[in-house]
Amino acid sequence: MDIKIGIIGGMGPKATNQFLDRLTELTDADNDQEHVRYILYNDPEIPNRIDAYFNNGESPVNSINRGIDFMEKNGIQTVGIPCNTVHIWFDQFHRGINVLNMIDLTVSAVLESGYKRPGILATTATIESGLYIRDLKKAGINTIIPEDEDSVMRAVQHVKLGSISEGKAVLLPVIKELENRGVDSLILACTEIPVILGSNDTGLPLIDSDRLLAERLIIAAGKKVKNRY
């Protein structure tokens, strides 16, 4: 089976759907045959990442590794996992095949962008673990965390429940707060966030981890990425 890439999804289901749409939208294709071939391993039963990090709940690592092993057994060469928070455990993932690190991809994009004061929209676990913030600080970049982080989490939960308009309504005041604090860009560091936030919702440049992972998978599949401009 000549399929090169795989996706481990389900964290959460709505965000995974958004990610798959991204793969299609970002592929430079003139017909069906020029689009990306992939295997989706969709497991919404992967243990809750927030509970695992804060409350010593069941770790998601075994579930993720089962997905990676499935991909390797089926000849997949490169895997993407569209969930920022689960990357807290990235060092525990199996390495028989290439597993892309969406945190590293996004940090690299921030550094290349030249922005020096990005705001970050992420789960509390992503923020508390130091993902993004630690590596950006080493590079001299001060990442601005929303004062109302609880509202970010409520917005994420709305997306998981399918309440898209409610999620946007909760998130937009957080964006305004970050704008007022002088951020020069926004890191979308949770895959639920792009479901409810787009370029029409703010004048700030968006550094979107979801999009960056999708673009890298398109390239890994041997396809072309649409020009952004």
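FYI, it's all coordinate maths here, none of it is from the lab. Just so we're clear, the structure is a prediction, and the values are computed from it rather than from any experiment. Every residue, glycine as well, gets a Cβ built from its backbone with ideal geometry; the counts of neighbours run over all protein chains shown.
Pairs of Lys residues in the stretch 128-212, spaced 8 or more positions apart or belonging to different chains, with C-alpha separations under 24 angstrom: 4 in total.
Counting only the Cα atoms, the chain fills a convex hull of 123 Å³ per residue. Residue ranges 129-137, 68-76 sort as 129-137, 68-76 when ordered by packing (mean number of other C-beta atoms within 10 Å per residue, highest first). Each peptide among 142-155, 209-222, 78-91 gets the average number of other Cβ atoms lying within 10 Å of its residues, and from highest to lowest they stand as 78-91, 209-222, 142-155.
Extension gain, residue 116 to residue 56: 0.36 nm times the residue separation minus the Cα-Cα distance gives 18.1 nm.
Backbone N atoms of the stretch 185-224 closer than 16 Å to the 7 Å Cα→Cβ label point of residue 28 belong to residues 215-224. Taking the chain as the reference, fit the longest principal axis to its C-alpha atoms, fit the long axis of helix 209-220 to the helix C-alpha atoms, and give the angle between the two in degrees, 0 to 90, nearest 10. In the chain, helix 209-220 runs at an angle near 20 degrees to the longest axis.
Packing here is the average count of other Cβ atoms within 10 Å per residue, and on that basis the peptides 115-125, 21-31, 40-50, highest first, run 115-125, 40-50, 21-31. Each of residue 105 and residue 164 was given a label point 7 Å from its Cα along the Cα-to-Cβ line. The distance between the two points is 2.2 nm. Dividing the mean sequence gap of close Cα pairs (under 8 Å, 6+ apart) by how many residues the stretch 65-156 holds gives a relative contact order of 25 percent. With contributions of -39500 (n - 2.57) from each DSSP H run of at least four residues, the per-residue ellipticity at 222 nm computed over the chain stands at -13500 deg cm²/dmol. Average projection, convex hull of the Cα set of the stretch 183-229: 3.9 square nanometres.
For residue 224, a cut-off of 20 angstrom between C-alpha atoms picks up these aspartates and glutamates, skipping any fewer than 8 places away in its own chain: 2, 21, 25, 28, 30, 32, 34, 208, 210, 215. Identify the residues of the stretch 113-131 with backbone N under 16 Å of a label point that sits 7 angstrom from the Cα of residue 138 along the Cα-to-Cβ direction, or state none. Backbone N within reach: 129-131. Calculate how steeply helix 61-73 sits against the longest principal axis of the alpha-carbon atoms of the chain, using the helix alpha-carbon long axis, and give the answer as 0 to 90 degrees to the nearest 10. So the inclination is approximately 40 degrees. Extent along the principal axes, Cα only, for the stretch 152-220: 37, 31, 19 Å, with the longest axis given first. Classify the stretch 1-113 from the C-alpha gyration tensor, please: rounded if a/c falls under 1.5, else prolate or oblate depending on whether a/b exceeds b/c. Prolate shape, in that a/c is at least 1.5 and a/b is the bigger ratio.
When only Cα pairs below 8 angstrom with a gap of at least 6 residues are kept, the chain shows a relative contact order of 26 percent. Annotation: extensible slack from residue 95 through residue 227 equals 44.4 nm (criterion: 0.36 nm per residue apart, minus Cα-Cα distance). Distant-in-sequence amide contacts of residue 39, defined by a placed amide H-H separation under 5 Å and a gap of 5 or more residues or a different chain, comprise 5, 6, 7.
Taking 7 Å steps out from each Cα toward its Cβ at residue 180 and residue 3 produces label points 4.9 nm apart.
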